[in-house]
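A quick write-up on the structure given underneath.
A short reminder: the numbers here are calculations on the coordinates, not readings from a lab. From a predicted model like this one, the values you see are computed outputs, not experimental measurements. Every residue, glycine as well, gets a Cβ built from its backbone with ideal geometry; the counts of neighbours run over all protein chains shown.
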Amino acid sequence: MATDYDELRSDVKESQDNSLEQLQSANAPDARSVVLELDEADGLDSAGVPGGEFVAEELVVQVIPQADDEFTCYSCFLVRHRSQIARQKDGHSYCTECEG
């Protein structure tokens, strides 16, 4: 007897029918209630920062000045060692990565 492997098994077909019936009978929210919930949530988020948390800490960062043997690439704005200068034009230096 030939077997059709593309045909759904009876137990799978029954479970799909049951789940469809459950979805159709479920109490789905109407569009107005969803819009009201979204509007209420937007009102709560507007006063804060994107993450919803207020940060009251100060960040302390030590800034190290550019050394004599370093330059700032005019294309990528990264501080590089002088050995990585590819070209200089109009008083601006460009690194080997930007020129390569």
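Quick notes on this structure:
- Highest-first arrangement of 78-91, 53-66, where packing means the average Cβ count within 10 Å: 78-91, 53-66
- Inter-label distance for ALA31 and ARG9, nm, one decimal - labels placed 7 Å from Cα along Cα-to-Cβ: 4.2
- Contour minus Cα-Cα distance for GLU21 and GLN66 (0.36 nm per residue): 9.2 nm
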